[in-house]
Structures are given as C-alpha cells and as structure tokens.
1. Mind jotting down the distance between the C-alpha centroids of segment 153-177 and segment 190-219, whole Å?
2. Percent of Cα-Cα pairs more than 23 Å apart in segment 262-379, please.
3. Report the extension gain between residue 44 and residue 1 in nm, rounded to one decimal, defined as 0.36 nm multiplied by the number of residues separating them, less their alpha carbon distance.
4. When the helices in the chain are scored as -39500 (n - 2.57) per DSSP H run of 4 or longer and the sum is shared across all residues, what 222 nm value do you end up with, to the nearest 500 deg cm²/dmol?
5. Diagonalise the Cα gyration tensor of segment 246-296 and give the resulting equivalent ellipsoid semi-axes, square root of 5 times each eigenvalue, largest first, whole Å.
6. Largest first and in whole Å, what are the equivalent-ellipsoid semi-axes of segment 1-141 based on the Cα gyration tensor, each being the root of 5 times an eigenvalue?
7. Rounded to the nearest whole Å³, what is the per residue volume of the convex hull around the Cα atoms of the chain?
8. Sort the following peptides by mean Cβ neighbour count (other Cβ atoms within 10 Å, averaged over residues), highest first: 18-27, 306-315.
C-alpha cells in the first residue's frame, strides 16, 4: 500500500506544527471528502431533567434522564434524551463513558423507568422497518455492561443515534440537520451523530457530579466511525474507543479487505458527504486514509479494536491504521503503542495508541469492556 503520510513527507516535525498546521489540514480533507462539516452549536441549548433516582440498579447507582432541547432563532427546534448513570458510592465528580446506542436508551439496561426512545431503520429491504417498544428493553445489557462500568468507578451516558438522525436514507427530513442552512461539504448522518455527542458533552459539563475533563467516547460499528469523527472535531473528549468500526472508521481504505467504498456507499451513502462517491473503486485516489483520522486524536489516547470473525470490518486494516497513526503521537513524546506485527487475540497493547483483537464476531462484549476499563484507568 502507498499510504499518505500523516506528517506530509517530513514537513511536520513538532507537536506545534501538528496542532497548528497539519491537523487542521487533515480535518478539512476529511470534511470535504468523507463526512461533511458538522453543524454549529444551536442558538439555544436547554437541559431538562425528566427523571432522577438515587436507588437505580438495586441501590447501586444514581440514574438521570435528561432532555436536550436545541432551538434556533429561526424557530426550528429539536430534542433528544440522554440517559446517565453515576456510581452510587462516588466521593466526587466521576469520569464518564459516553456512547451512542443504536436500539434505544431502554435497550441498555432492564430498568422499567427508562423512557422508550423510538428508532427506525428502513434500508430498501436490507433490514425490515423497526419501531422501538418494550420488547427492546434490556436487550443490549451485555453489550453496554453498565453495572460493571459503575463497579469500576465510572459513569455511563448514552443517547440514541436515531434521535439525532434516523438511520435510514430519508432520515435527514426528521434529523437535527433540518435546523441548519447546510453548505458544502454537506454533512451526512455520521456528522449529525457526532454533533449529537458534542451536545451530550455540553449537557454533562453542566452536571457537577461529572468530571467533564474525563469524558471519553466509545462506539461500535457505524457508531465507532462516529466516535472517531466526533473525537476529531471536538478536542474536549478525553479519549476515544472505536470498536469494530471497519470501512470509513478505523480500517484503511487502501487495504481493500472486507467492506469497501463501493459496498458501503451502495447501502449507506446517507452517512457521508456526496464527494465520497468520487472515490468508489478509486480508494488510492483518496487524499487521506483512516490512519490519519485516528491520528487526529493525538495526543489524546485512542483505542482501536477488532474481532477475529469480523472479516467484514477488516481486522488487519484496523490494526495497520492504528500502527500508522503512531508518527503523530511521537511528536508529543508518546511512547506506549501496539507492536509492529498483529498481536494475538484477547491481548490488549498500548495506551497512547491502544489495540486489541478479540476472539469472536462483530460485537462489543464484557471482555472488551474489561480491556476498555483497564485502558481508561491508565489515562
């Protein structure tokens, strides 16, 4: 592979040059060619507490449900709900994992008090149309491992991706993007979802019990792509974990294994800006590749993960992207990286740039969470 150089052929040699010259250049290239530009902060943000319990999860946690109201001077409004759990025995402000969920807030735990957040997927026959109901309650309990997160002294916050931009081709008409006068490069769903994560952080910053300086992102699959893009755009996030994010996430486009641009744009073009279509079957012509997206987190810690049976996401391409992001981190004196060859399964490596490949399929599991928590505790 002939990968573009994150340091632009040696032109960038210091941390200051990275932050002031190269990082803005790469960010703009990703905006123009892949994701589009995030909308601005709305003219008004109001955080409404809908529900609070200090006896959540069998008296082990505090639960809050908040509604984030966004409004514009033009009269447009959009609202979405944030679910927050905090450890019940915390002595002070706690760090928080923040992530978008794909099946509704009610899917994350079995607590009946969690409000149902509706979701819809209608992708031309690829999936049937879904509408959230009580049957979704708790079905992602082992995916999010909220109880374990709290046991380790961390908080957990989540919002439903389709409450920001419904995850189907016509979703823009019901999305937050309708509030804004969009200009080229027009954002797709991933930029809208990333915008939603920043608004969730705005809300968390208003809560004294949250250590807002230690809010990190975690995302899986399409929402793992989103976690990287949100972290690239918003330096307030303390770290980023991208799990099984594959094509246009952590996997190198030029590696050409698993899902490619032709495939992802056939089914999910609404996630991206229109310019990306110019590179279908022409990945070598892209002005950037995904190691440079990962490098945009520098010097903040970033964790890339794969799974042995998730060939669609190209585990080797994900590992190589993490490895080729390292030069940007070296500018800041960072030294804790993965090895230069693919590590064995179920063995995490690195902290500044971290990586593991888990035995199993496309998923996020309790074992992944043990590795994530160990990583976050080292930061």
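Each reported figure results from applying straightforward, stated rules to the coordinates on display, with no laboratory input. All figures in this text were calculated on a predicted structure; none of them were measured in a lab. Positions of Cβ are backbone-derived with ideal geometry, glycine not excepted, and every protein chain shown enters the neighbour counts.
1. Segment 190-219 and segment 153-177 have Cα centres spaced 13 Å from each other.
2. Values: 2559 of 6903 pairs.
Cα-Cα pairs of segment 262-379 separated by over 23 Å account for 37 percent.
3. Working: separation 43, 0.36 × 43 = 15.48 nm, distance 4.67 nm.
Result: 10.8 nm gained on full extension.
4. Values: 11 runs with 93 residues, N = 379.
That calculation yields -6500 deg cm²/dmol at 222 nm.
5. Values: eigenvalues 50, 28, 25 Å².
Gyration-tensor ellipsoid for segment 246-296: 16, 12, 11 Å.
6. Values: eigenvalues 271, 103, 74 Å².
Equivalent ellipsoid of segment 1-141: 37, 23, 19 Å, largest first.
7. On the way: hull volume 49.6 nm³, N = 379.
Dividing the Cα hull volume of the chain by its residues yields 131 Å³.
8. Working: 18-27: 17.2, 306-315: 21.2.
Top to bottom by mean Cβ count within 10 Å: 306-315, 18-27.
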